[in-house]
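Beneath this line is the structure, given in structure tokens, with notes to follow.
The values are calculated or read from the model by the stated rules, or taken from the named source; none is laboratory data. This structure is a prediction, so every number in the text was calculated from the model and none was measured. Every residue, glycine among them, receives a Cβ derived from its backbone with ideal geometry; neighbour counts consider all protein chains shown.
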Amino acid sequence: MIIVIDALNRHRFKGLLDEMHRLRARVFCDRLGWDVMVRNGREVDEFDALDPAHVVCLDADGDVVGCMRLLQTTGPHMLADVFHGLLDGEPPLRSSRIWEATRFCVDTKKLNGGKTRNSISYVTSEVMIAAFEYAREAGVLDAVAVIDPVMNRVMCRSANAPYDYLGTPKPMGKVTAMAALMDCSEERIQAIRDFADIRHDVFLTEDEAEALFRSNREAPAQRTAPPAPFPESKTEKADQMPKLPRAPHSNALQQYCYEQVLNAKSQSDVDAAQALIEALSDALGTTSAAELARLARVEAQATRKSVLVAAK
């Protein structure tokens, strides 16, 4: 599940961006041993100050498990200012319709193998799909990225092979680096979707992303304590409504969605809760999502009746 964070909405996602920079530090410094600047457990460089777009993947727990940075090539960018030696003396590409993709990484400790929803392959594909769809929507034709031979093989295996390369591969620190070109075409996006069997819209709305990330942080005890059942009668309103069945495996996300329905005070609140349940149905589980949706319908009817009574 993807949220794109840029200069227009980053004020809403300071905590999420902080988690993204922590993930980058764990991957690029701790695991890969790159010569990157890490301060207070976060990897941040000068290009993060240029208002890039960050493609961030959240899992069902609201944790950041993957990311990629997109930056225009009309100004400073890594291929022009850091990896220019790859270009064999040729000038860097500069165009408003070419973006640079950098700082791609996934959380290999939390994710597993295979092609399941919680796998490295799935999250990699989801981030790639989101990046290409977002860029394509912005009128971008191509993306350029500095990758190593391992990443090149991963991209080739996942129906995302570069269509061309700039300059020649060269040793860069502990790895060999190469500059690769990918078109932001519908054919490429569909090929990655087919490979990963991803048919749904990969993007979360800002409200959905904020709720998913916040739900995990507001109830940290639920991550370690035994799962609690849904509440039964905390308020008079809850007593008058159909009760959800006890859910011995309920989690913070289910609890949060339940509370959004229970606390809805207007039709717009109900609609927002229904949209959240629909967007997170895979993460909630079929049974829980269906029961939450049923409760939302009941609450919508109750809300409409109360509005009619108040209008008389």
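The conditions of being under 17 Å from the mean Cα position of the chain (by Cα) and either surrounded by 16 or more Cβ atoms within 10 Å (Cβ to Cβ) or not in a strand (DSSP E or B) (or both) are met by ASP207.
Given the criteria assigned to a helix (DSSP H, G or I) and touching a strand residue (DSSP E or B) at 6+ places or on another chain (Cβ under 8 Å), does ALA131 qualify? Yes: the conditions hold for ALA131. In region 95-117 there is at least one residue that is surrounded by fewer than 17 Cβ atoms within 10 Å (Cβ to Cβ), touching a strand residue (DSSP E or B) at 6+ places or on another chain (Cβ under 8 Å) and among the basic types (Lys, Arg). In this entry, LYS115 is excluded by the filter for residues that are within 24 Å of VAL36 (Cβ to Cβ) and among the charged types (D, E, K, R).
Counting the residues of region 138-154 that are at pLDDT below 95 and either among the aromatic types (Phe, Trp, Tyr) or not in a loop (DSSP other than H, G, I, E, B) (or both) gives 8. For beta carbons closer than 8 Å, sequence separation of 6+ or different chains, a first residue in region 179-198 that is within 19 Å of ASN152 (Cβ to Cβ) and hydroxyl-bearing (Ser, Thr, Tyr) and a second that is modelled with pLDDT of 95 or more and exposed (fewer than 15 other Cβ atoms within 10 Å of the Cβ), there are no qualifying pairs.
In region 142-159 there is at least one residue that is within 21 Å of PRO76 (Cα to Cα), in contact with a Phe, Trp or Tyr (Cβ under 7 Å, 6 or more places away or on another chain) and not hydroxyl-bearing (Ser, Thr, Tyr). Only one of the listed residues (ASP51, ASP63, ASP81) is surrounded by fewer than 18 Cβ atoms within 10 Å (Cβ to Cβ) and at positive phi. That residue is ASP51. Beta carbons closer than 8 Å, at least 6 apart along the sequence or on distinct chains, pair a first residue in region 114-138 that is closer than 10 Å to MET68 by Cβ with a second that is part of a loop (DSSP other than H, G, I, E, B) and of a type in the set (A, V, I, L, M) for ALA130/VAL202.
Evaluated against (1) surrounded by 21 or more Cβ atoms within 10 Å (Cβ to Cβ); (2) outside any loop (DSSP other than H, G, I, E, B); (3) at pLDDT below 95, VAL56 falls short on exactly one condition, (3).
Kindly indicate whether ARG103 is closer than 17 Å to PHE47 by Cβ and part of a loop (DSSP other than H, G, I, E, B). For ARG103, the condition - closer than 17 Å to PHE47 by Cβ and part of a loop (DSSP other than H, G, I, E, B) - is not met. Residues in region 166-178 that are closer than 16 Å to THR102 by Cβ and more than 27 Å from the chain's Cα centre (by Cα): LEU166, MET172, GLY173, VAL175.
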